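Visitor: Before I ask anything, let me first share the structure, which is written out below as structure tokens.
Just so you know, all these numbers are worked out from the coordinates, no wet-lab data involved. Model, not experiment: these values are computed from the prediction. Quick reminder, even Gly has a Cβ in these numbers, built from the backbone with ideal geometry, and neighbours come from all protein chains shown.
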Amino acid sequence: MQLLIPGVFATLLVAATLLAQTASKSKVAESKELRASRLILTDSRGRDRIRLSADEEAASIVVLDPSGKARLSVSVLKDGSAGFHIYDPSKRLLGEFASMADGTSQVVVYNRERTHSSMMAASQKGISGFGMYDAQDRTIAGLLLLEDGTRLLALSDRAAERKATLTIDNQDSPSLSLTSRDQRTRVIRVQPQKD
């Protein structure tokens, strides 16, 4: 019995020492950072669902659907440009929000067949606008607010040639420009009355 008590005591002392070492190691592990240039998060079936990556050119997060197709991405490029993109199940871009390095911001949405798109943008220089585009990215219609305060609404034909432009200049004088198929242009201006 006398030998048993010191043996139990020694075993308890060794166990307590090991537990203390494990506890201090886990505290150190909790306080450390996880550093990697690429990290992939998977679902319970082992399928990639989120990919995080970073290198000298860009940092990005890509969210994938259960079939492994990218559906959403967020990225920041080396020049400071940043973007948020949404894709359909066929990996076609459906929408994006971007902030460019020059301070321009834009939102673009596409229909699924990519036959039309719409864009709203604002620049650091005070120009903002809304545009609608065809499958070849040619302007169908545009609405602009220029730096000097001029407002402009333009409509194009199927060949993307501007046919009608309504302008209100920075003096609040309206004008309408109409162009025919044979390229004849007629401009109507309304001048303010002189007192």
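Visitor: With the contact rule set at Cα under 8 Å and sequence spacing of 6 or more, what percent relative contact order holds for the range 38-91?
Guide: 23 percent
Visitor: Let me ask you something else. Below 8 Å between Cα atoms, with a sequence gap of 6+, how large is the relative contact order for the range 98-180 in percent? Can you show the working numbers first?
Guide: Details: 169 pairs, mean separation 13.0, N = 83.
The value is 16 percent.
Visitor: Among 150-157, 42-49, 64-71, how do they line up by average Cβ neighbours within 10 Å per residue, starting with the highest?
Guide: Numbers: 150-157: 15.8, 42-49: 10.6, 64-71: 13.0.
Listed from highest to lowest mean packing, they are 150-157, 64-71, 42-49.
Visitor: Based only on other Cβ atoms within 10 Å, what is the fewest-to-most ordering of His85, His116? Numbers along the way, then the final one.
Guide: Working: His85 19, His116 13.
In increasing order of surrounding Cβ atoms, one gets His116, His85.
Visitor: Still on this structure, I have one more. When all alpha-carbon pairs of the range 38-91 are counted, what percent fall beyond 12 Å? Write down the numbers at each step before the final one.
Guide: Details: 909 of 1431 pairs.
The share of Cα pairs beyond 12 Å in the range 38-91 comes to 64 percent.
Visitor: Using alpha-carbon positions, what is the distance between the centroids of the range 68-88 and the range 116-181, in Å?
Guide: Cα centres, the range 68-88 to the range 116-181: 28 Å.
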